[in-house]
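The block underneath contains the structure these notes are about, expressed in structure tokens.
The values are calculated or read from the model by the stated rules, or taken from the named source; none is laboratory data. Because the structure is a prediction, the values reported are computed rather than measured. The area values use the complete protein model at the heavy-atom level, side chains included, leaving out ligands, DNA and RNA. Shrake-Rupley method; radii C 1.70, N 1.55, O 1.52, S 1.80 Å.
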Amino acid sequence: VQLVESGGGSVEAGGSLSVSCAASGRFVSRYFVGWFRQAPGKEREFQAGISWSGGRTWYTDSVKGRFTIFRDNGKNMVNLQMTTLKPEDTAVYYCAAATRWGAKTAAEYDYWGQGTQVTVSS
């Protein structure tokens with residue numbers, strides 16, 4: 001499985017951004033896809049996840065109501081729409097794929113993209 005992120009960029013606090021993850025490879029539909037972020041000096045943290053075929057979603061508490069994860073099966077993409085962004089949302093955002101549905105720790109994920117930077121200024 002290959003994952004390639006796109007999107008991100010810079011925005012002022014309160015603004016919105018989207019990041020996208022294009023997936024390719026065999027049996028990609030069997031994987032749970034998650035979005036993580038890693039700020040400088042911090043660990044990589046789970047933000048949201050979605051089952052590829054089932055449409056179930058998971059969010060960490062700090063982004064509930066602000067972030068929305070959704071998939072476009074026709075394009076094999078998983079997108080993360082981020083609204084009401086805060087300076088503390090600044091990080092490199094990664095998408096990842098896991099065989100375990102509902103996985104929420106980085107160690108459970110088998111495949112990773114290269115990451116895309118999101119910067120929120122105050």
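Determine the shape class of segment 52-122: with a ≥ b ≥ c the square roots of the Cα gyration tensor eigenvalues, call it rounded for a/c under 1.5, and otherwise prolate if a/b is greater than b/c, oblate otherwise.
prolate
Mind checking which lysines have their Cα closer than 19 Å to the Cα of Lys42? Skip sequence neighbours fewer than 8 apart in that chain.
Within the straight-line limit of under 19 Å, Lys42 reaches these lysines: Lys86, Lys104.
Could you pull the accessible area for Ser20 with a 1.4 Å probe, rounded to 10 Å²?
Its heavy atoms expose roughly 30 Å² to the probe.
Compute the accessible area per residue over the chain, keeping the other protein chains in place, probe 1.4 Å, unit Å².
About 50 Å² of surface per residue is accessible.
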